[in-house]
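Here the structure is laid out as structure tokens; the discussion comes afterwards.
Coordinate-derived values only; no laboratory data. What you see is a predicted model; the values in this text were computed from it and never measured. Cβ atoms come from the backbone with ideal geometry, glycine included; neighbour counts cover every protein chain shown.
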Amino acid sequence: MSTTAQVGIIMGSESDLKIMQEAAEILKELGVPFELTVVSAHRTPERLMDYATTARSRGLKVVIAGAGGAAHLPGMVASVTTLPVIGVPIKSSNSIDGWDSVLSILQMPSGVPVATVALNGAKNAGILAAQILGSADEKLGNKIAAYKEQLKDKVLNSVRELKIAGFENNFDSQV
């Protein structure tokens, strides 16, 4: 796999890093090269336009954009690039329980899609970006399959541990 970034992870403010680093961590675990930076739709609109319009020519294949409050960043990026954009609504200090961010990212007009994950769901955004890339990269697809198998094993091990603790009558006997 090339070391050129394939996924761009951007956020509207450095305060979003606590959430958005989860996307970076899962991409790193899966071996997907990424870049991470701050691009504010409202405070640095020229930077946003430059970032989004040059993303494809710089080798990016997917953009993950996290934003809180009015959350215009993902939609603005999607309006000027043909790359898939994954929006991460972030519950910020000025947020209405995060609903303003969720709805802002979900309610894109026809022709400007943004895939949207759950509130503060940057890890899922990273996994979705990897799955998009993995659809054309067998090696990455296999890594994602192994990751998902680990998730399954973790749940099944939890079931076994609960059975050992004496709760076996409350669980399916197949596990």
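Please state the shape class of the range 1-56: rounded when a/c is under 1.5, otherwise prolate if a/b exceeds b/c and oblate if not, all from the C-alpha gyration tensor. It comes out oblate by the Cα gyration axes.
Comparing LYS148, LYS91, LYS123 in a Gaussian network model of the chain (Cα springs below 10 Å), the most mobile by mean-square fluctuation is LYS148.
The modelled label-to-label distance for the pair GLU46/LYS163, using points 7 Å beyond Cα in the direction of Cβ, is 6.5 nm. Here are labelled values, (1) 1.03; (2) 1.07; (3) 0.93, and one is the computed Rg/Rh (Cα atoms, Kirkwood Rh) for what I pasted. Which one? Checked against the structure: label (2). Antiparallel versus total DSSP beta bridges in the range 7-136: what percent is that, nearest 5? Within the range 7-136, antiparallel bridges account for around 0 percent of the total. Ordering 80-88, 130-138, 93-101 by mean Cβ neighbour count within 10 Å, with the highest value first, yields 80-88, 130-138, 93-101.
Pairs over the 18 Å Cα-Cα cut-off, from the set LYS61/LYS91; LYS123/LYS148; LYS18/LYS143; LYS91/LYS123; LYS28/LYS152; LYS18/LYS123: LYS61/LYS91; LYS18/LYS143; LYS28/LYS152. With each label modelled as a point 7 angstrom along the Cα→C-beta vector, the VAL155-ALA118 pair spans 1.3 nm. Separation between the THR82 and LYS18 pseudo-spin-labels, each 7 Å from Cα along Cα→Cβ, expressed in nm? Between THR82 and LYS18, the simple spin-label model gives 4.0 nm. When peptides 19-29, 157-167, 63-73, 34-44 are sorted by average Cβ neighbour count within 10 Å, with the highest value leading, the order is 63-73, 19-29, 34-44, 157-167.
Multiplying the residue separation of THR54 and THR3 by 0.36 nm and subtracting their alpha-carbon distance yields 16.6 nm.
Across the chain, the mean sequence separation of Cα contacts (distance under 8 Å, 6 or more residues apart), normalised by length, yields a relative contact order of 21 percent.
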